1. What length, rounded to one decimal in nm, is gained on full extension from residue 203 through to residue 325, with 0.36 nm per residue of separation minus their alpha-carbon distance?
2. Taking the Cα centre of the chain as origin and charging only Cβ (+1 Lys, Arg; -1 Asp, Glu), how large is the dipole, in debye to the nearest 20?
3. Mind running the shape call on region 390-444? Use the C-alpha gyration tensor, a ≥ b ≥ c as the square roots of the eigenvalues: rounded below 1.5 for a/c, prolate if a/b tops b/c, oblate otherwise.
4. Could you tell me the accessible area of residue 307 in Å² (1.4 Å probe, neighbours in place), rounded to the nearest ten?
5. Along the positive direction of the dipole of region 1-76 (beta-carbon charges: Lys, Arg +1; Asp, Glu -1; about the Cα centre), which of 54, 23, 38 reaches farthest?
6. At 1.4 Å probe size, with every protein chain present, just tell me what the per residue accessible area of the chain comes to in Å².
7. Could the peptides 69-75, 229-235, 479-485 be put in order, highest first, of the mean number of other beta-carbon atoms found within 10 Å of their residues?
8. Picking from 269, 288, 228, whose Cα lies most toward the positive end of the charge dipole for region 212-292 (charges on Cβ: Lys, Arg +1; Asp, Glu -1)?
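The values are calculated or read from the model by the stated rules, or taken from the named source; none is laboratory data. Computed from a predicted structure; not experimentally measured. Cβ: placed from backbone, ideal geometry, glycine included. Neighbour counts: every protein chain shown. Ligands, DNA and RNA are excluded from the accessible area calculation, which covers all protein heavy atoms including side chains. Shrake-Rupley method; radii C 1.70, N 1.55, O 1.52, S 1.80 Å.
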Amino acid sequence: MSRAKRLARRGLLALRRVLRGTASRAYMRWRRSIQVRVVTSTLFISAIVVAILGVFLMQQVSTALMDGKVKAARLQLDEGLAQVQRDLGNSTSPAAEDGSRLNAVVNRLKARSGPSGLYEVYIRDTTAEYFDGYATNELRKESVPKRLRDELKHAPAGARAYTYGKLTYVGGHPSERGLIVGGKSGQFELYYLFPLEQEQRTLTNVSRSMVGVGVVLVLLLAAIASLVTRQVVIPVRLAAQGAQRLAAGRLEERMRVRGEDDLARLARSFNDMAANLQEKIGELEDLSQLQRQFVSDVSHELRTPLTTIRIAADMLYENRDTFDDPAVGRSAELLQSQLERFESLLADLLEISRHDAGAATLDAESLDMRDLVLRVVGDIQGLAERKGSKVVLQLPGEPCMAEVDRRRVERILRNLVVNAVEHGEGEDIVVSVAADRDAVAVAVRDHGVGLKPGEGQMVFDRFWRADPARARTTGGTGLGLSISREDAQLHGGWLQAWGEPGVGSQFRLSLPRVAGAELRGSPLPLVPPGAGDARPLFAELEAGD
C-alpha cells in the first residue's frame, strides 16, 4: 500500500472517529437536556408542518398560474381561429395550390402578440394527404403531440383542446416544456405553442422564497420554543442542583422563590422539604452520636469492674481442683469461658464504635497475603481438628504482596475461617489466595449448611445468626462479620458472600495492592467452580455502599 493510500486511510479513520464522537456527544446532550429535546422536537415537527404547507401552497400557486396561462392561451386561440377563418375560409386546398398563403397566415399570427405573450404557430390541413402542416421557421412540427392532432382530427368544427409537451426547435436551440392549445376551423387545425419558461422561472422563484421563509419560520419557532422552555427548565435545573447539593450533605441549601406560579410553589415545597430533612437528619445524627457515645462509655466503664472480676475468676479457675464440691469447680470453668467471651464482646463493641465514629485508621504495610493466611490457619488448626474439619490451602507460588493493615486483615481472615469451621459440618474448608496486577483476594469455602434465599443480605448485619437456635460453640460475639466488612471497606476493598442451601458458602475478600487505589475487579471468582447449576445467592458489599 502506497504512502498516499495510507495517509488517506488514516484521514478517513480520523474523520470517522470525529464524526462518531460528535454524534455521541450530541446524543448524550439530547438525552440529558429537556430543553434540547423540546427544541429538537419543535424543529422536527415544525419542519414537517412547514414542508406540508409549502407543498400545498406551491400546488395552489402552480395550478392558479397554469389555469391563467390556459385561459389566456384559449383567448389567443379564438382570435387565431377567427383570423384563419377570414383568410383561408374560402380555400379548397391551399397547401396544394399555394403554400405561401399558409406561410403568410402563420407569420401574421406569429407577429400578433396577444395576452398570452410569446408563442409559436402551427397550421395543418386535414384534407391534404401529402401535406402535414406548416409551422414557424424556428419550430419543429414534432412539437405538436400526435395524440392532440388525433383528438382534433376526429372532432367537429369549433372544437378546442390543450395539453402539455416538449417544444423542440431547429438550429440547436434547446427544447423546453410548453403548453399546446389547438382548435379546428373548417378543414384547418390551428395550434398555438406557448413556452413555459417564464412560468417555470416564476415557480422557481416562488419555491425558493417559500423555502427561505420556511427555514426562517422553523428557526424562529425553535428560538421561541427555546426561550419558552428555558423559563421552565432553569428553575428545574436549579432544583436539581439544589437536590444534588442536598444529597451531598449541604443541608442548608435552599431555592430562591420568585413569583406565585407553579415553579414558585415547587421552590417553596423544596425549601420546606430541605428544612424538614435538615431537622430530621440533625435529630438522627444527635441520636446516633448519643448511641455511639453510650456504647463507647459503657464499654470503657465496664472494663474496670471486669478487671476485678477477671482477677477473682482467675483465682477460682486456678484453684478449681481444690474445691470439695465438683459443681463449684465446673462453675469456675464456666465463669472463665464466659468472661473471655464478654471481653471479646467489649473489644468488638469498642471497635464498632470507632468505625461508627469514623475514627478507625489504617496502619498499612507491604505484606505477603500468603503469610497472613498461613498464620491464621495455624492459629485455628486445633479448632478445625476438634470440629472434624480439614483446612485445605490453595496458595500460588508467587508472592501476593499488598499494602494492608496486618491486624485488621488477620482479624478478617480469622473471622472467615472460624465461621467456615463452625458452619462447615465437619467437611473440608478450602482457603484460596490469588493476585493480579491490581488486587489480591482470599476466598474461604465451606461445604456446610450454606445460606438460604434472602439471608445473603443479612449475613453482615450485627448480631445476625443464620439459625437463632444454633449455639455459638466457638464463643463468637455476632459482630465478627460486621467488623470484617468495616475493615474491608477501610482498605477500599470488598467483602462478598455466596451461598446455596445444603451446598455450602464462600466468602471472598478482595483488596487493592496499593493502599487507597480503586478496586475494579477480583482475581478469584465469587462463585466457586463446580458449585452446581442452581441459581446462586449473592451478597455483595463494596466500599462506599
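1. Result: 31.6 nm gained on full extension.
2. 4180
3. Oblate, since a/c reaches 1.5 and b/c is not below a/b.
4. Using a 1.4 Å probe on the heavy atoms, I get roughly 80 Å².
5. 23
6. Here the residues of the chain average 58 Å² of exposed surface.
7. 479-485, 69-75, 229-235
8. Checked the options; the winner is 228.
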